[in-house]
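Inspection log for the structure reproduced underneath, given as structure tokens.
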Amino acid sequence: KPKTISNYLGLVRLVVASAKDTKGSKLYPREWDYEFMDVPIVEKELQNALSFTGETITALVVAAKNPIVQMLYILLAATGLRLGEALGITISEDTILDDCTRIVIKQKVWRNEIQGFLKTKNGGRELDLHPSVASVLKEFIGNRTSGVLFQTKGGKPLCQTNLLKRYLHPALLGDEKKGIKGITGVKAGFHAFRRFRNTYLRNYTACPEGV
């Protein structure tokens, strides 16, 4: 796909640019001409970037029997967090603030391990939660005072792959053998929650485009 090719080339460019001598000068300075290289153009309208609707979000929350998964769906839809960022939230005084109305994002989870950094430089941020979401989150936390917000029985961060295979995809696609009808019939990943929030803010609110 054009986007995949672009991503691979971007990585190669970074590797080449990182090679420097002892004085900090690039060893292989060069200009990259994508047109000369015949690199395909990435057309956003042709990308398979699925986004959930409000109805789909509601159906997923209602269908989720596991309270942890249900809370995760609510938080992702309400904040636009990446899944790894949500799984990296810890219950502490410097992370969940003001009676659960604010959350500080400063780490993420990747392959069941907490990483003390985020995907982008601007990833570290404070999130304001709607009072209704804050109320549900406070009830979900209960008397807990430590540990990651979304954890296994052993206290470890949840596995992203398991969340997809055991909960999100079965809910979206259904199960013919069990006679369970899928919510959409279309497979999507957790980034669709992030796109839902961006789409909602852009189309149904007066939120500035830059925000």
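The slack between LEU50 and ARG195, meaning 0.36 nm per residue of separation minus the straight C-alpha distance, is 51.4 nm.
Using only alpha-carbon positions in region 1-160, the gyration tensor eigenvalues give semi-axes of 38, 22, 14 Å once each is multiplied by 5 and square-rooted (largest first).
For the Cα trace of region 9-48, dividing Rg by the Kirkwood Rh returns an Rg/Rh value of 1.16. The simple spin-label model puts a point 7 Å past each Cα toward its Cβ; for THR4 and ILE114 those points are separated by 3.5 nm. Between region 14-53 and region 138-204, how far is it from one alpha carbon centroid to the other, in angstrom? Going from one Cα centre to the other spans 32 Å.
Counting only DSSP beta bridges with both residues in region 89-208, the antiparallel share comes to about 100 percent.
With each label modelled as a point 7 angstrom along the Cα→C-beta vector, the LYS156-VAL186 pair spans 3.5 nm.
Since only LEU163, GLY179, LEU129 are under comparison, the one whose Cα sits farthest along the positive direction of the charge dipole of region 74-211, derived from C-beta charges on Lys, Arg, Asp and Glu, is GLY179. Counting 0.36 nm for each residue step from TYR34 to ASN122 and taking away their Cα separation leaves a gain of 28.9 nm.
Full extension of the chain between ARG102 and GLU43 gives 17.6 nm of extra length, using 0.36 nm per residue less the Cα-Cα distance.
Each 5 Å bin from 0 upward holds the following percent of the Cα-Cα pairs of region 98-160: 4, 15, 21, 22, 24, 12, 1. Protein-only accessible surface at a 1.4 angstrom probe places the residues SER18, SER92 in the order SER18, SER92, largest first. The long axis of helix 54-63 is offset from the longest Cα principal axis of the chain by roughly 50 degrees. Overall, region 1-124 carries a charge dipole of about 420 debye about its Cα centre when +1 sits on the Cβ of Lys and Arg and -1 on the Cβ of Asp and Glu, all other atoms neutral. Each of ARG144, ARG166 has its accessible area taken with a 1.4 Å probe; listed largest first, they run ARG166, ARG144. Normalised by residue number, the volume inside the convex hull of the Cα atoms of region 81-211 is 151 Å³ per residue. Report the Rg/Rh value for region 172-211, based on alpha-carbon coordinates and the Kirkwood definition of Rh. Result: Rg/Rh = 1.24. To the nearest ten degrees, helix 131-141 and the longest principal axis of the Cα atoms of the chain are 80 degrees apart.
Among 101-113, 128-140, sorting by the average number of other beta carbon atoms lying within 10 angstrom of each residue, highest first, gives 101-113, 128-140. Separation of the alpha carbons by more than 32 angstrom is noted, of LYS1/LYS177; LYS121/LYS156; LYS119/LYS165; LYS65/LYS156; LYS65/LYS106; LYS3/LYS106, for LYS1/LYS177. Within region 135-200, all pairs of alpha-carbon atoms sorted by distance into 10 Å bins from zero give the percentages 17, 33, 36, 14, 0.
Across the protein chains, with a 1.4 Å probe defining accessible surface, the residues GLU43, GLU209, GLU176 rank GLU176, GLU209, GLU43 from largest area downward. 3J(HN,Hα) along region 161-169, derived from phi through the Karplus expression 6.51 cos²θ - 1.76 cosθ + 1.60 where θ = phi - 60°, amounts to 5, 5, 4, 5, 6, 8, 10, 5, 5 Hz, with x in place of Gly and Pro.
Considering helices alone, the calculated mean residue ellipticity of the chain at 222 nm is -11000 deg cm²/dmol, with DSSP H runs of length four and up weighted by -39500 (n - 2.57) and normalised per residue.
The values are calculated or read from the model by the stated rules, or taken from the named source; none is laboratory data. Please read these numbers as outputs of a predicted model, since none were measured by experiment. FYI the Cβ positions are ideal-geometry reconstructions off the backbone, even for glycines, and counts take in every protein chain you see. Just so you know, the surface numbers come from the protein's heavy atoms only, side chains and all, with ligands and any DNA or RNA stripped out. Shrake-Rupley method; radii C 1.70, N 1.55, O 1.52, S 1.80 Å.
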